[in-house]
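The structure under discussion appears below in the form of structure tokens.
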Amino acid sequence: MSEISCTGLVTCLRSGFFDVETEQGKISCRMRGRLKRGIIKRDIIALGDRVQILIFADGSGVIEEVLPRDHTLVRMAPTPHGEVKQVLLANLDQVVLVFACAHPEPHLRMLDRFLVISEKQGIPPLIIANKLDLVTLKQAMDIFSIYPDIGYPVIYTSAENGKGLKELSKMLAGKVSALAGPSGVGKTSLLNSLQPELGLQVKEISEWNQRGVHTTVVRRMFPLDGGGYVADLPGLRSLALWDVEMEEIDGYFPEIRPLVSECQFNNCSHNEEPGCAVRKAVEDGKMNPERYESYLRMRFMDD
Ligand code: GDP
Ligand code: ZN
């Protein structure tokens, strides 16, 4: 008697257990046995999944069904059975890419790679240019202002003096965000200034996961006071450009996409070929040379 059926959001994965946020509060759930059949068990339920659960009289729960996913962030994970697709986060609204204006110098190759991955996976990116207090606004914009020009929003912030934090908080509110970026750029500090301890909690899980060779990886997303969640995805740092055909990369650079049909050769790789509209755009100052460099690296160096 008195089982309650409801829907909820998977906010934490531990071995065999799932925290599900519901209208009845946070319920610790197991997975219904029949869900396990025929598939690799641990990939059935992902962080961020919306699920249908049953809550028992003792307060425990069981996940009955995973509801259809919108966007997912996926990587290829090595397993004893070969590489398998692993959903790092389901139903996310954006990927937040944090870089510093200085200290450390912004690693634009990495930023462009993240942007291509976001395009490939169909998830809108948001770029954070942090440590604005260390440079002039002009210096910061010399580096980052090309991104809004090609359709990627940038927020300039300083965890040190609080600049841009209101805007950042507004952009995170009510959304599920995956956080990525090199270490030392201020991810922890930014989250801490938005909400006490938040950054430290996120960092702890992240470091634990990176150390956890023999322990079971815990995945968590953290609730924001203003609604929404953030998750740090250590796996995102190692996301390779798997599953991307070299010619496909053209399509993941918004400023290259419309030029391709103007190249003299329809199989142009936009490198040495005569009559290349992309190279001409760079020469004419219409495409950013740094972005072009990132393109060539991804296309030809496979790094
Ligand atoms: P994370 O590795 O990305 O989480 O970076 P942390 O938040 O740990 O920050 C790395 C270092 O940069 C720390 O010494 C912070 O105090 C410093 N830091 C973070 N944000 C800012 C900022 O906006 N301005 C300045 N000047 N320093 C910052
Ligand atoms: Zn070309």
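The values are calculated or read from the model by the stated rules, or taken from the named source; none is laboratory data. All values derive from a computational prediction rather than experimental measurement. Here Cβ is always computed from backbone atoms with ideal geometry, including for glycine, and neighbour counts include all displayed protein chains. These accessible areas exclude ligands, DNA and RNA; they are computed on the full protein's heavy atoms, side chains included. Shrake-Rupley method; radii C 1.70, N 1.55, O 1.52, S 1.80 Å.
For a quick check of understanding: with a 1.4 angstrom probe and all protein chains in place, what accessible area in square angstrom does residue 5 have, to the nearest ten?
Result for residue 5: roughly 70 Å² accessible.
Which value, in Å² and to the nearest 10, is the accessible area of residue 297 when all protein chains are kept and the probe is 1.4 Å?
80
At a 1.4 Å probe, what is the % contribution of carbon and sulfur to the accessible area of the chain?
Numbers: 7910 of 15270 Å².
C and S fraction of accessible area: 52 percent.
Compute all pairwise cysteine Cβ distances in the chain, then list the cysteines with no distance under 4.7 Å to another cysteine.
Cysteines of the chain left without a disulfide-compatible partner: 6, 12, 29, 101, 276.
By its C-alpha gyration tensor, with a ≥ b ≥ c as the square roots of the eigenvalues, how is region 246-301 shaped: rounded for a/c under 1.5, else prolate for a/b larger than b/c, else oblate? Please report the intermediate quantities before stating the final value.
On the way: a/c = 1.32, a/b = 1.04, b/c = 1.27.
The shape class here is rounded.
Multiply the residue separation of residue 107 and residue 58 by 0.36 nm, subtract the distance between their alpha-carbon atoms, and state the gained length in nm to one decimal. Walk me through the intermediate numbers first.
Working: separation 49, 0.36 × 49 = 17.64 nm, distance 5.12 nm.
Length gained between residue 107 and residue 58: 12.5 nm.
To the nearest 0.05, how large is the calculated FRET efficiency for residue 197 and residue 248 if R₀ is 41 Å and r is the Cβ-Cβ distance?
Values: r = 42 Å, r/R0 = 1.02.
Plugging the Cβ-Cβ distance into 1/(1 + (r/R0)^6) gives 0.45.
Give the angle, between 0 and 90 degrees and rounded to the nearest 10, that separates the Cα long axis of helix 108-121 from the longest principal axis of the Cα atoms of the chain.
Between the helix axis and the principal axis of the chain, the angle is about 60 degrees.
Let me check I've understood the local charge: for residue 188, count other residues with C-beta under 11 angstrom from its C-beta, Lys and Arg +1, Asp and Glu -1. What total comes out? Let's see the in-between values first.
On the way: positive: 187, 203; negative: 197, 204, 207, 232.
So the environment of residue 188 carries a net charge of -2.
Kindly sort 291, 50 by accessible area of their heavy atoms, largest first, with the probe set to 1.4 Å.
On the way: 291 5, 50 95 Å².
Largest to smallest exposure gives the sequence 50, 291.
Using DSSP, restrict attention to beta bridges with both residues in the chain and report what percent are antiparallel, rounded to the nearest 5. Walk me through the intermediate numbers first.
Working: 33 of 53 bridges.
Counting only bridges with both partners in the chain, antiparallel ones make up about 60 percent.
Mind ranking 107, 270 by accessible surface for me, highest first, 1.4 Å probe? Could you put the intermediate results ahead of the total?
Working: 107 90, 270 0 Å².
Solvent-accessible surface, decreasing: 107, 270.
Add -39500 (n - 2.57) for each DSSP H run of 4 or more in the chain, then divide by its residues: what number comes out at 222 nm, to the nearest 500 deg cm²/dmol?
Numbers: 10 runs with 79 residues, N = 303.
Computed mean residue ellipticity for the chain: -7000 deg cm²/dmol.
Residue 108: net charge of surrounding residues, Cβ under 11 Å, Lys/Arg +1, Asp/Glu -1, itself excluded? Intermediate values should be presented prior to the final figure.
Values: positive: 109, 113, 291, 297; negative: 105, 112, 290, 293.
Result for the neighbourhood of residue 108: 0.
Going down the list 166/286; 163/203; 131/166; 175/286; 85/170; 138/280, which pairs span over 24 Å between their C-alpha atoms?
Those over the limit are 166/286; 175/286; 85/170; 138/280.
Among 16, 60, 81, which residue has its Cα furthest toward the positive end of the charge dipole of region 1-132, with +1 on Lys/Arg Cβ and -1 on Asp/Glu Cβ?
Selected residue: 81.
For region 90-238, what does the accessible surface come to per residue with a 1.4 Å probe? Please give it in Å². Working shown, then result.
Working: 6580 Å² over 149 residues.
So region 90-238 comes to 44 Å² accessible per residue, rounded to a whole number.
Within 12 Å, Cβ to Cβ, of residue 163, how many net charges do the neighbouring residues add up to if Lys/Arg are +1 and Asp/Glu are -1? Don't skip to the end; give the middle numbers.
Numbers: positive: 131, 166; negative: 133, 160, 167.
For residues surrounding residue 163, the net value is -1.
Could you order 7, 157, 188 by accessible surface area, starting with the largest, using a probe radius of 1.4 Å?
Numbers: 7 75, 157 0, 188 35 Å².
In descending accessible area the options line up as 7, 188, 157.
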